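The values are calculated or read from the model by the stated rules, or taken from the named source; none is laboratory data. Computed from a prediction, not measured in an experiment: that's the story for all the values here. In this analysis, Cβ positions are derived from the backbone assuming ideal geometry, glycine residues included, and neighbour counts consider all displayed protein chains. These accessible areas exclude ligands, DNA and RNA; they are computed on the full protein's heavy atoms, side chains included. Shrake-Rupley method; radii C 1.70, N 1.55, O 1.52, S 1.80 Å.
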Amino acid sequence: MQQNQTQGQGQQQLVMTVPPQVITTKDHLYLKDQLSWELVAMKKCSHFASECSDPEIAQAIGQAGQMHQRHYNLLLKHLQNDNTAEMQWVQQLQQ
């Protein structure tokens, strides 16, 4: 048991700094869901910030909404790559 814990602590998670050149169907569906979640969170924050009577809380909720908007825009930016050629190459490899 202790050996498993020490092995887990030694592992590092790799962070992808650049989006992949190929977006698979599964990736596309996940990203579509994530965009929807970010958009809903952004809209909810906007609504509740406007309903809030305490300016400090309204500001905090507004900042959370801006964070979700930044995440949405970042995901959208990553999706604006044209990966048609890469997908054709992947399909050729599978044949």
Practice prompt. Would you check which residues across region 53-65 are open to solvent by less than 80 Å² (accessible area, probe 1.4 Å), assigned to a helix (DSSP H, G or I) and not β-branched (Val, Ile, Thr) and list them?
Written response: Ala58, Ala60, Gly62, Ala64, Gly65
Discussion item. Could you list, ordered by first residue, the pairs with Cβ atoms under 8 Å in which the first is in region 16-42 and in contact (Cβ under 8 Å) with a residue 12 or more places away in the chain and the second is of a type in the set (Asp, Glu) and surrounded by 12 or more Cβ atoms within 10 Å (Cβ to Cβ), at least 6 apart or interchain?
Written reply: Gln21/Glu86; Val22/Glu86
Item to complete: Return the residue satisfying two criteria in turn: it lies in region 1-52 and is assigned to a helix (DSSP H, G or I) and β-branched (Val, Ile, Thr), and of such residues it is modelled with the lowest pLDDT.
Response: Thr6
Discussion item. Residue under question is His78, and the condition is that it be surrounded by fewer than 17 Cβ atoms within 10 Å (Cβ to Cβ), touching a residue at least 12 places away in the same chain (Cβ under 8 Å) and either out of contact with any Lys or Arg (no Cβ under 9 Å at 6 or more places or on another chain) or outside any helix (DSSP H, G or I) (or both); does it hold?
Written reply: yes
